[in-house]
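Taken together, the values in this text are just the output of simple stated rules run on the coordinates, not laboratory data. Just so it is clear, the structure is predicted and the values come from calculations on it, not from any experiment. Cβ coordinates were reconstructed from backbone atoms using ideal geometry, including for glycine residues, and neighbour counts include every protein chain displayed.
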Amino acid sequence: MCPVDIGGRSLLASAGDDRTVRIWNPATGACELVIPIHHQALARAWTQDHLMVGLSAGLIALALWPAGEVSGRSRDGAAEEYAAGRDVDGVPSSDLP
């Protein structure tokens, strides 16, 4: 687990052998987002607005923004993306805070 700050919200990120990155709300214990990745995760670190994930076959940088924003600019209508995925693991992105 590592702490991440997404839109002023203090959350936690996990990643591991199941080939997913998960964003957790530590206040509720709920998993808010599951991002599938192609390799096992060996390490993770938060750097400003990117989650760096060391994989068994390289490195991936995930840019994480709150729903409704892309690169800090507001979007019209319902959010089409949250973090790096859309409607991941059955949770509609627009339903996430």
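Of the strands (runs of 3 or more DSSP E) that lie entirely inside region 1-60, those containing 2 or more residues that are touching a residue at least 40 places away in the same chain (Cβ under 8 Å) span 2-6, 20-24, 31-36, 41-47. Note on region 11-38: residues that are touching a Phe, Trp or Tyr at 6+ places or on another chain (Cβ under 8 Å), under 21 Å from SER56 (Cβ atoms) and buried (at least 19 other Cβ atoms within 10 Å of the Cβ) amount to 1.
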